[in-house]
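Undergrad: The structure is given below, and queries will be raised subsequently.
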Amino acid sequence: MSCFSDLVADHVRALGVETPAEPRRGDSPAIPRRVKLAANESPYGPSPKAMAAMRKVLEKSHLYPDNDALQLRRKLAELHSLEADEVIVSAGLTGLLTVIARTLLQPGRSAITSECSFLAYGISTRAVGARLVETPRRKDGYDLDAILSAIDPSTRIVFLANPNNPTGTLIESSAVERFLQRVAPHVVVVIDEAYYDYARHFAAARGVEYSSPDYVRRWQNLVLLRTFSKAHGLAGLRIGYGLGRAELIAYFARLQDTFSVSGVAEAAAVAALEDQEHVRFAVENNAMEAERLAHEISRLGCRVVPTWANFLCCDLGQDAAAVARELRAEGVVVLPLGEWGAPTSLRITVGTAEQNRIFLGAFRKILR
Ligand SMILES: *Cc1c(COP(=O)(O)O)cnc(C)c1O
């Protein structure tokens, strides 16, 4: 036990201390590799327009940014037919999840999500001393009926990742709407659409209704989250946003760290929104490569969950952490899902054709 365990708050001590043996998240020079397919980043980089916009504002880096990110909020409001006070911009969605949890939760309250979903929901919930309830998954994804049954007087948040990370499953908009109609008014539903652009593309191709610009206008107890970290290729800049009713958004804004979103990130996001061509390139190539990659992985005898995002969840039927270690020795980094309760599954980000070729070469060699 460290000498600080008596000093930290009770609910923080309950979280324990994490000292990773090897850096897992983010980029680290400690990992020599040829291909990283472990964090669902876009392999196509930022938009050239975003790059140009960033260069232009770099020379203003001695000044604090606009704490209200008004330029970006106005643009997002227009895009979603909302008012600017119904939009909050944050340093990535991970930062916003923390703010949402701090706003709505406290010891004695709880949040609900599905098992095998985004780990940050649990981290932000437990960081404020609240409890996370995880309902069993159904067909690799969310069981909305189980979530409705799990709601009790202590519940304040339901986190829905749509598509889900790490399984890549989708909840169609009709099911989301039926859920929203039935959910109790003391619960805020946080719909995390980090993979929106990929999912919208797949949904159009497969004739499925996904998401709706009307969610925020029709439902009061709803917060819709989107990020620039995925299809827009800006994960390293840390910028995302939430949409919801003005009063709730104003509470979130009060708890946000001052100046947490940099001017460089805001300028990049504004320009990225104007470069739909770049997003289209990313999602079209992703769809093509995802299909090819899924086909090849299935041929090796693995079960691949049909994806609606930029990654594949595959059940190998054997210890996935061991396979991930062998892949790493070949210079390929993917994510084994033991921590998610799926020790035989891997999550593989869809890369460029060249990256996927390198991955498949190593994967075939190891599985044989
Ligand atoms: C990647 C991802 C995010 C994005 O997080 P940022 O902090 O914006 O980079 C949010 N939710 C889910 C489910 C994700 O997979």
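Undergrad: Please find, among Arg245, Arg238, the residue that is more than 11 Å from the ligand (Cβ to nearest atom) and assigned by TED's automatic domain parsing to the domain that holds Ala120.
TA: Unique residue meeting the criteria: Arg245.
Undergrad: So for region 151-172 (the condition being away from the ligand (no atom under 16 Å from the Cβ), part of a helix (DSSP H, G or I), more than 12 Å from the chain's Cα centre (by Cα) and of a type outside the set (A, V, I, L, M)), does at least one residue qualify?
TA: So in region 151-172, the residues away from the ligand (no atom under 16 Å from the Cβ) come out as 151-156, 172.
Those still in the list that are part of a helix (DSSP H, G or I) too: none.
Taking every residue of region 151-172 in turn, none turns out to be away from the ligand (no atom under 16 Å from the Cβ), part of a helix (DSSP H, G or I), more than 12 Å from the chain's Cα centre (by Cα) and of a type outside the set (A, V, I, L, M).
Undergrad: Only one residue in Thr94, Thr98 is within 16 Å of the ligand (Cβ to nearest atom), β-branched (Val, Ile, Thr), outside the structural domain of Pro343 (by TED's automatic domain parsing) and in contact with a Ser or Thr (Cβ under 6 Å, 6 or more places away or on another chain), so which one is that?
TA: Matching residue, one of Thr94, Thr98: Thr98.
Undergrad: Moving to a separate point now. Just name the residue that is nearest to Lys75 (Cα to Cα) out of those in region 292-304 that are in a helix (DSSP H, G or I) and open to solvent by 30 Å² or more (accessible area, probe 1.4 Å).
TA: Arg292
Undergrad: Another question about this same structure. Among (1) free of Cβ contacts under 8 Å to residues at least 12 places away in the same chain; (2) under 18 Å from Thr227 (Cα atoms); (3) part of a loop (DSSP other than H, G, I, E, B), there is one condition Ala77 misses while meeting the rest; what is its number?
TA: Evaluating Ala77 over (1) free of Cβ contacts under 8 Å to residues at least 12 places away in the same chain; (2) under 18 Å from Thr227 (Cα atoms); (3) part of a loop (DSSP other than H, G, I, E, B) leaves (3) as the failure.
Undergrad: Across region 182-195, which residue is nearest to the ligand (Cβ to nearest atom) among those that are crowded, with 22+ Cβ neighbours inside 10 Å and not in a loop (DSSP other than H, G, I, E, B)?
TA: Only one residue fits best here, namely Asp192.
Undergrad: Given the residues Ala269, Ala231, Ala235, which is the only one that is closer than 15 Å to Val57 by Cβ and either free of Cβ contacts under 8 Å to residues at least 24 places away in the same chain or small (Gly, Ala, Ser) (or both)?
TA: Every option except Ala269 fails the conditions.
Undergrad: Test Ala203 against the criterion of being open to solvent by less than 10 Å² (accessible area, probe 1.4 Å), part of a helix (DSSP H, G or I), more than 16 Å from the ligand (Cβ to nearest atom) and in contact (Cβ under 8 Å) with a residue 40 or more places away in the chain, and give yes or no. Talk me through it step by step, then tell me what you get.
TA: Details: open to solvent by less than 10 Å² (accessible area, probe 1.4 Å): yes; part of a helix (DSSP H, G or I): yes; more than 16 Å from the ligand (Cβ to nearest atom): yes; in contact (Cβ under 8 Å) with a residue 40 or more places away in the chain: yes.
When the stated conditions are applied, Ala203 passes them.
Undergrad: What tally of residues in region 106-117 results from selecting those that are within 16 Å of the ligand (Cβ to nearest atom) and in a loop (DSSP other than H, G, I, E, B)?
TA: 3
Undergrad: Determine whether Leu243 is under 22 Å from Ile147 (Cβ atoms) and either β-branched (Val, Ile, Thr) or in contact with a Phe, Trp or Tyr (Cβ under 9 Å, 6 or more places away or on another chain) (or both). Give the derivation first.
TA: Working: under 22 Å from Ile147 (Cβ atoms): yes; either β-branched (Val, Ile, Thr) or in contact with a Phe, Trp or Tyr (Cβ under 9 Å, 6 or more places away or on another chain) (or both): yes.
When the stated conditions are applied, Leu243 passes them.
Undergrad: Pick out the one residue from Thr98, Thr103 that is at negative phi, without any contact (Cβ under 8 Å) to a residue 40 or more places away in the chain and either part of a helix (DSSP H, G or I) or open to solvent by 30 Å² or more (accessible area, probe 1.4 Å) (or both).
TA: On the way: Thr103 fails: without any contact (Cβ under 8 Å) to a residue 40 or more places away in the chain.
The conditions single out Thr98.
Undergrad: Based on what the data block shows, is Ala329 of a type in the set (A, V, I, L, M) and more than 24 Å from the chain's Cα centre (by Cα)?
TA: Numbers: of a type in the set (A, V, I, L, M): yes; more than 24 Å from the chain's Cα centre (by Cα): yes.
Yes; evaluated as a whole, the condition is true for this residue.
The values are calculated or read from the model by the stated rules, or taken from the named source; none is laboratory data. Every value quoted in this text rests on a predicted model; they were computed, and no experiment measured them. A quick note on method: Cβ atoms are made from the backbone with ideal geometry, for glycine too, and the neighbour counts reach across all protein chains shown. Note: areas computed on protein heavy atoms with side chains; ligands, DNA, RNA excluded. Shrake-Rupley method; radii C 1.70, N 1.55, O 1.52, S 1.80 Å.
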